[in-house]
Amino acid sequence: MVVPPFIDQHGENEDKLLASELLRVTKETRVLLGQFFLYIAMTRSKGFAEACNASDAKEGAAIVVGSIMRTMVVTVAALFDENPRTSNIPKILRTALSPSRSEFIRGFHEHYGVEAESQKSRERLVKYGRAIRTGKLKAAIRRLINVRNTFVAHIDFEPVALGEGERAIVRDFDHVISAASIIVGEANVFVLGRKVDIAALRKILRREAGGLVSALVCGFG
């Protein structure tokens, strides 16, 4: 993945930096999706669970699943970090939707004749930008970040107590990772002028994860 020629040739440093950071975040989101589907395949396959339980691989499989979960927690927290010195989704949204970048992005879309598509993506980005600051999505992100801060990045001697129902749960992964993939997909349209087929990517990753789990089950036999 490279910065589009129009941005490279006509954009200011801020435009090029935004494009580079989005490419970096896109790559990390792709890896995160792959980890998520592997985690789902390993934890929800009855055949895999039975094969593990009937072999010496039970403890090893539990370690692998736990490692995938810890890695996903770290990646989600990084993607939704608020540190302006890092590449993250909130920063990309703020920059892409800022008035200072609007003129160049509008010219970029006009150059390729994709104004209508880009406007739809902008509206979706505004919607999701609001969602990560309020409501259920924000709460899910906060729960996962709290797990990173108290149990993964370091072990807190006195972890901050969250309210009733505020502990991170598995469906938080589904909610937050789904939102991240949608946001990054729309940002690719709006900032880079390219369409990422998220639905097709999900099918590929789900098939690859299922294939690995099936191969492991055969190996246990």
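Give the calculated FRET efficiency between K138 and A49 to the nearest 0.05, with a Förster radius of 25 Å applied to their Cβ-Cβ distance. After rounding, the FRET efficiency stands at 0.15.
Figure the gain on full extension for R202 and S100 (residue separation times 0.36 nm, minus the Cα-Cα span) and round it to one decimal in nm. Present the calculation step by step, with values, prior to reporting the outcome.
Numbers: separation 102, 0.36 × 102 = 36.72 nm, distance 3.42 nm.
Separation in residues times 0.36 nm, less the Cα-Cα distance, equals 33.3 nm.
Think of the chain as a dipole: +1 on every Lys or Arg Cβ, -1 on every Asp or Glu Cβ, centred on the Cα centre; then among A200, N188, L93, A200 lies furthest on the positive end. Of the GluC sites (Glu not before Pro) found in segment 54-159, those in coil by DSSP whose Cβ has at most 16 other Cβ atoms within 10 Å are E82. Site-free segments of the chain were taken between trypsin sites (Lys or Arg not before Pro) in DSSP loops having at most 16 other Cβ atoms within 10 Å, sites themselves excluded; the longest one is 1-84. The Cα-based radius of gyration of the chain, divided by its Kirkwood radius, gives an Rg/Rh of 1.03.
Modelled spin labels at E14 and R194, positioned 7 Å past Cα toward Cβ, are 2.4 nm from each other.
Quick one: which of K27/K136; K91/K138; K58/K203 span more than 20 angstrom between C-alpha atoms?
Beyond 20 Å between Cα atoms: K27/K136; K58/K203.
Between A139, A96, A116, the Gaussian network model of the chain with springs among Cα atoms under 10 angstrom shows the greatest mean-square fluctuation at A116.
For the pair E117 and V74, what calculated FRET efficiency results from E = 1/(1 + (r/R0)^6), where r is the Cβ-Cβ distance and R0 = 45 Å, to the nearest 0.05? Result of the calculation: an efficiency of 0.85. Per-residue extension of 0.36 nm, minus the Cα-Cα distance of R130 and K58, leaves a gain of 21.6 nm for this segment.
Since every read-out is calculated from the coordinates, none of them should be taken as a lab result. On a predicted model such as this, the values are computed, not experimentally measured, just so you know. Cβ atoms come from the backbone with ideal geometry, glycine included; neighbour counts cover every protein chain shown.
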